[in-house]
1. Report, by residue number, each residue of region 151-191 that is without any contact (Cβ under 8 Å) to a residue 24 or more places away in the chain and farther than 20 Å from S117 by Cβ.
2. Farther than 28 Å from E137 by Cα, outside any loop (DSSP other than H, G, I, E, B), touching a residue at least 60 places away in the same chain (Cβ under 8 Å) and of a type outside the set (K, R): which single residue out of A196, A205, A229, A224 fits that description?
3. Select the helices (runs of 4 or more DSSP H) contained entirely in region 31-117, then report the ones holding at least 1 residues which are within 24 Å of V134 (Cβ to Cβ).
4. Restricting to region 137-180, what's the tally of residues that are of a type in the set (V, I, T) and surrounded by fewer than 18 Cβ atoms within 10 Å (Cβ to Cβ)?
5. Condition first: open to solvent by 10 Å² or more (accessible area, probe 1.4 Å), small (G, A, S) and assigned to a helix (DSSP H, G or I). Now tell me which residues in region 284-332 satisfy that.
6. Any residue that is polar (S, T, N, Q), open to solvent by less than 70 Å² (accessible area, probe 1.4 Å) and more than 25 Å from A243 (Cβ to Cβ) - is there at least one of those in region 384-394?
7. If you go through region 153-193, how many residues are closer than 26 Å to K272 by Cβ and assigned to a loop (DSSP other than H, G, I, E, B)?
8. Could you check region 27-68 and list, in sequence order, the residues that are touching a helix residue (DSSP H, G or I) at 6+ places or on another chain (Cβ under 6 Å), among the acidic types (D, E) and closer than 20 Å to R101 by Cα?
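The values are calculated or read from the model by the stated rules, or taken from the named source; none is laboratory data. All of these numbers come straight from a predicted model, not from anything done at the bench. All Cβ positions, glycine included, derive from the backbone under ideal geometry; neighbour counts span all protein chains shown. With ligands, DNA and RNA removed, areas are computed over all heavy atoms of the protein, side chains included. Shrake-Rupley method; radii C 1.70, N 1.55, O 1.52, S 1.80 Å.
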Amino acid sequence: MPVQVALERARVAKEIGRIEEARRILGTALLAAPDDPRVLVALADIAYDLDEYDDALRFAGQALLADPDSDRAHVLVAMAYSMREEWDLALEHGYTAARLRPHDAATLLLLALLHTSGPRKDKDRARAALVEAVALEPNDANVHCSAAETYQRLGDPEAGRHHVTAGLAIDPLHVDLLRMQARAEFAGFDGGRNAAVATLRGLLANAPTDTRARRLLAEVHWRALLRLAAWVWVFAGCYAAVAMWAPPIVLRVLSPMMFAALPLAWYGVFRKLRRQLPPGYLRARVLRARVLFALAALAMSGLIVDLGAIVMRSEFAGLVRVGCVLLVLGALGAAVGHVLLFTAWMRRGLDDPDPDDGLDFAGIQVVALGVCVLPLVVVAGFVRGWARQPAVFGALAAVFGIVLVTLLIEAAITVWLDRRAFRHTWGIALLSLFIAVPLVGSGVAVWWSGGEIVSGEVRGRELVEAPATPTTTRRPLPTIPSRLLQTPIRPLPSATAPPPPTER
């Protein structure tokens, strides 16, 4: 078979998704022409698409031996070296490819990407390469797509969204651009979660096998279900914070309102999901043993927290401590449900999730807790001596610690699931250390909070048992003889009688 015919057949097979058939055709051609740089470059391209970077580097290196001026071979070598984190060699071959093709937008985009990666980033050169590449191909949607991705790596989301909009104006059905638009909408820009789901549904209608779009839709679904546990935590934490300072009369008004808010919040989550997701999507993922058990645990934990809120309205110290314990138990139940839902999301199955999504989710939540909630908890701990119920701070700190421990455990789960992506053992060890230190600290805080609930100061009446009414037997009173009751009768002094003489 002639080399040109083999290359054309391999290209067609690759375009229709038959990668192994394309590799087989090229392997046959390579036997006939072992030093043909075109065949070697095509094999390196397929190996790179299959994440076989060592093979890609080997084939591209052989192509460079046959043709040192092969710009495509230099590009593939640069890309393979970048995936192996050998940034100096990657930049060297990237600049060589740019010298061979100085007016090629794809090569300039590769240089921009290399300048935003590695230990020595050069943002100015990256921006200059992006501007030049877009100026060379202003009507190419793929160029705008690559520019948008690189601008996001540069920390300039506004420029990234500009190129997404420009690319979609050229090609409204571009899969990668639609996915980036959905991601931006899901992050809170340009319409919110409803717009993101609508974009993803349209994308999947045209490309139903797009893995990253399916992952993003699954992320929308699972993160919404995880909010069920978050509502329980918010209820328990807020109520404990209010109970530290507010009198029982305020708690009697507040607890029924919050009691109704929790089921309404859950109803809102399910109602929005049913309206947003494709038909049958929610049911197929909820009707699983793990998810059903998680929902049951969350419902039970919500009831326990509600019961604790009712008990804490009492003026008796013992009941206040019982209410604090119930709040902590409810937070623990919500933690169990949260972990079960998180592992159901990370479980390989219908959506083939990416552990990086779970790590990003847990990491963002941990940072938000550390920046927004932790200072408030620390301040409450310092001023708890002036609070009406100082010991209730133990419940507040315990709920915060439980939430933090749960998120750190989930981050550790994602690191374990994605352990093969770490090329160096020290990377896993360092990330595990960052997780383990706050995890141990949070566990100690929860332990201390339990002691504070049990032995801390609670200002209220004590439950005292009234003593039993004494029982007595009636006895007859002693009788006095009548003769002892008789007294002599003396006449009363009259008015005419002379007064008795007085002694001088």
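1. Within region 151-191, E158, H162, V164, T165, A166, A169, P172, Q181, E185, A187, G188, G191 meet the criteria.
2. Working: A196 fails: touching a residue at least 60 places away in the same chain (Cβ under 8 Å); A205 fails: touching a residue at least 60 places away in the same chain (Cβ under 8 Å); A224 fails: touching a residue at least 60 places away in the same chain (Cβ under 8 Å).
Of A196, A205, A229, A224, the one residue that is farther than 28 Å from E137 by Cα, outside any loop (DSSP other than H, G, I, E, B), touching a residue at least 60 places away in the same chain (Cβ under 8 Å) and of a type outside the set (K, R) is A229.
3. Values: elements: 37-49, 53-66, 71-83, 87-100, 105-115.
Because the criterion is at least 1 residues that are within 24 Å of V134 (Cβ to Cβ), the helices (runs of 4 or more DSSP H) in region 31-117 that meet it are 71-83, 87-100, 105-115.
4. Going residue by residue through region 137-180, those that are of a type in the set (V, I, T) are 143, 150, 164-165, 170, 175.
If we keep only those that are surrounded by fewer than 18 Cβ atoms within 10 Å (Cβ to Cβ) too, we end up with 165, 170, 175.
Number of matching residues: 3.
5. Once the filter is applied, which keeps residues that are open to solvent by 10 Å² or more (accessible area, probe 1.4 Å), small (G, A, S) and assigned to a helix (DSSP H, G or I), region 284-332 yields A284, A289, A296, A297, A299, G318.
6. Step one: filter region 384-394 for residues polar (S, T, N, Q), giving 389.
Now narrow it down to the ones that are open to solvent by less than 70 Å² (accessible area, probe 1.4 Å): 389.
Then keep just the ones that are more than 25 Å from A243 (Cβ to Cβ); that gives none.
No, that holds for no residue.
7. 6
8. Selection gives D67 alone.
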